[in-house]
Amino acid sequence: MNGAELIVKGLKAEEVDTIFGYPGGAVIPIFDVLYEDPELQVILTRHEQGAIHAADGYARSTGKVGVAIVTSGPGATNATTGLATANFDSVPLVVISGQVPRNMIGYDAFQEADTAGITRSITKHNYLVTERTDLGRVVKEAFHIAGTGKPGPIMIDVPKDIFTAEDGDDYPESVHIRGYHPSKHGQAEQIQEAAELISQAKRPLFYIGGGMHISGAADVFNRIVDKTGIPTVSSLMGLGILDHARTDFLGMIGMHGTFAANMAVTESDLLCAIGVRFDDRATGDTSKFAPNAQVVHIDIDPSTMDRNIHAHVPIVGDARSVLEKLEPLLTKASLGPWLQQVTGWKKERPLVPPQSNSYLSPGDIIAELNEVFPDAIISTEVGQNQMWASHYYHFKQPRTWLTSGGLGTMGYGFPAAIGAQIGNPDKRVIDIAGDGSIQMNIQELATAVLSKAPVIVVILNNGYLGMVRQWQQMFQDSRYSSTCLKKKGECPEDCTEPGDGCPEYTPDFVRLAESFGAVGIRISKPEQIRPALEQAKGITDKPTFIECIVEPEANVYPMVPPGAGINEMVFED
């Protein structure tokens with residue numbers, strides 16, 4: 001059995017059913033083995049970045065390890081953005097890259113790159129396989145490391161001659177890695193201490209993050225919230241753990257968090273943070289973050305403890321495992337005044353979608369999405385579209401929210417949606433996009449069309465790189481430098497709004513979609529929103545682009561200015 005055959009045997013042993021990738025000279029041997037294997041579905045993307053994002057969306061939405069194969073040199077370097085995205089958001093991937101033959105490594109061979117060196121800082125772990133006898137062990141270890149502890153992407157760089165080298169056909173049944181034993185259960189004494197602090201608090205608050213999805217903790221957490229009556233806020237990555245319709249869910253915290261969520265964190269006396277890393281977009285000025293609260297921090301990654309926010313009770317363990325131990329120790333809390341306060345904040349400053357007399361409102365579009373697709377998997381690009389989706393789509397279930405939270409990768413949403421659609425053929429997947437970010441990986445339209453993936457892409461077209469333009473408006477005196485997507489060479493530098501000389505569409509997304517064999521729809525009036533969504537709902541064998549013409553200078557509010565505390569929010573009024 002040659003190396004390529006052993007890898008394919010290992011993939012099937014790990015219950016892989018779908019591979020995303022792009023072939024090249026160094027990986028011809030493994031694609032040749034896959035050619036005649038009916039058990040593995042191979043999705044040919046149109047770019048290696050698209051392949052990694054598609055595997056990422058597949059993994060986030062299914063809970064499985066995503067798999068991709070790319071070639072050496074530019075194939076591997078094109079994959080790095082996807083790897084960094086997955087690494088930041090703790091997504092389990094195994095990515096196999098080809099490498100030049102061993103005797104050519106270091107001699108500047110055609111399509112050679114130091115893949116292991118390049119990806120070391122953006123993967124959970126990586127390998128350069130130098131001996132054929134190590135190959136089975138490496139693949140087994142890669143899947144184990146990717147999916148255990150704090151998940152993440154693993155890169156396996158395989159020289160071409162190892163793919164073709166003959167050796168034994170044994171694939172390991174178990175794995176043991178000295179020094180790698182992630183803590184899962186948490187210490188009983190700390191869990192008991194956390195329960196006592198929660199029971200004594202007058203203004204307790206749960207703060208949940210992406211680790212809740214990863215650990216599958218939604219059901220046990222919902223029971224705890226029902227049992228205790230304690231309100232909850234979420235990070236961007238934690239959306240979907242609680243039904244957004246719950247009165248005790250206050251929304252997302254941080255730079256674009258809700259007024260109620262940010263104020264609750266600021267005024268709480270006990271913050272129980274679960275599966276979060278306290279990133280800067282969530283905390284704002286850390287000296288002003290939860291200044292009155294004792295902090296209980298539950299996370300499987302010990303390096304997150306005290307890194308950004310001091311934890312009075314650090315509990316290192318899997319969120320589900322720890323919560324299952326915490327649940328019987330908790331009782332119904334007496335929180336009348338606190339609940340009245342947080343309810344008052346929700347009423348005082350509700351989220352208000354931007355409105356315009358001449359353009360569609362992003363909030364109205366997403367409100368209609370809630371009605372037509374109440375149980376969809378939602379992916380986003382990055383920018384204003386991402387924030388509007390997080391504000392106005394009513395998430396109800398875990399693993400239905402796919403977004404690049406840590407790296408903020410424009411171009412993530414569309415290929416991720418394709419991967420999620422392939423992994424969840426019985427669900428509808430919708431990418432809420434901006435007109436700038438959708439162009440980053442728009443070549444994947446071919447992938448979606450040929451895979452018959454009925455992904456719906458709702459493009460909120462404002463003619464700008466909207467989030468950067470918003471910052472320029474607010475903090476750079478409306479100096480819109482390189483953010484207008486219709487700007488031509490002859491345009492004046494001080495232009496701040498569309499004029500008669502602007503091209504009508506750049507590009508024409510309807511004609512672009514149709515050129516790939518997809519469906520293109522353009523809407524500009526409120527009464528067109530529902531019919532367009534219903535039309536897209538009825539299309540089940542190809543993707544649909546719905547281009548929505550929205551207010552060019554619509555902004556996302558609330559917003560916390562850079563360097564401020566999260567209670568120092570700016571509102572449109």
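Being surrounded by fewer than 19 Cβ atoms within 10 Å (Cβ to Cβ) and either closer than 26 Å to G73 by Cβ or in the same structural domain as V296 (by TED's automatic domain parsing) (or both) is the requirement here; does R132 meet it? No: the conditions fail for R132. Of the strands (runs of 3 or more DSSP E) lying entirely inside the range 11-107, those containing at least 2 residues that are in the same structural domain as A142 (by TED's automatic domain parsing) and crowded, with 24+ Cβ neighbours inside 10 Å are 18-21, 66-70, 93-99.
Residue count for the range 326-371 satisfying the condition of being basic (K, R), surrounded by fewer than 19 Cβ atoms within 10 Å (Cβ to Cβ) and touching a residue at least 60 places away in the same chain (Cβ under 8 Å): 2. Residues that are within 17 Å of L250 (Cβ to Cβ), part of a loop (DSSP other than H, G, I, E, B) and under 26 Å from the mean Cα position of the chain (by Cα) within the range 193-234 comprise G209, P231, listed in sequence order. Being among the charged types (D, E, K, R) and in contact with a Phe, Trp or Tyr (Cβ under 9 Å, 6 or more places away or on another chain), is that true of even one residue in the range 293-313? Taking every residue of the range 293-313 in turn, at least one turns out to be among the charged types (D, E, K, R) and in contact with a Phe, Trp or Tyr (Cβ under 9 Å, 6 or more places away or on another chain). Taken over the range 531-540, the criterion of being in a helix (DSSP H, G or I) and either within 27 Å of the chain's Cα centre (by Cα) or among the polar types (S, T, N, Q) (or both) is satisfied by A532, L533, E534, Q535, A536, K537. Within the range 562-573, can you find the residues that are over 27 Å from I365 (Cβ atoms) and part of a loop (DSSP other than H, G, I, E, B)? Residues satisfying the conditions are P562, G563, A564, I566, N567, E568.
Residue pairs whose Cβ atoms lie under 8 Å apart, sitting 6 or more positions apart in sequence or on different chains, and linking a residue in the range 216-236 that is under 11 Å from L330 (Cα atoms) to a partner that is polar (S, T, N, Q) and in a loop (DSSP other than H, G, I, E, B), are K227/T331; T228/T331.
Okay, residues lined up against (1) under 19 Å from V449 (Cα atoms); (2) modelled with pLDDT under 95; (3) among the hydrophobic types (A, V, I, L, M, F, W, C); (4) not in a loop (DSSP other than H, G, I, E, B):
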| residue | (1), (2), (3), (4) |
| --- | --- |
| E371 | no, no, no, yes |
| P374 | no, no, no, no |
| V382 | no, no, yes, no |
| H391 | no, no, no, yes |
| S404 | no, no, no, no |
| L407 | no, no, yes, no |
| A420 | yes, no, yes, yes |
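Taking the criterion of being more than 18 Å from S390 (Cα to Cα), over 21 Å from the mean Cα position of the chain (by Cα), of a type outside the set (A, V, I, L, M) and surrounded by 24 or more Cβ atoms within 10 Å (Cβ to Cβ), would at least one residue in the range 262-280 satisfy it? Yes.
Kindly indicate whether S97 is touching a helix residue (DSSP H, G or I) at 6+ places or on another chain (Cβ under 9 Å), touching a residue at least 24 places away in the same chain (Cβ under 8 Å) and on the phi < 0 side of the Ramachandran plot. In short, yes.
The values are calculated or read from the model by the stated rules, or taken from the named source; none is laboratory data. Every value quoted in this text rests on a predicted model; they were computed, and no experiment measured them. Don't worry about glycine lacking a Cβ; one is built from the backbone with ideal geometry, like all the others, and counts go over all protein chains shown.
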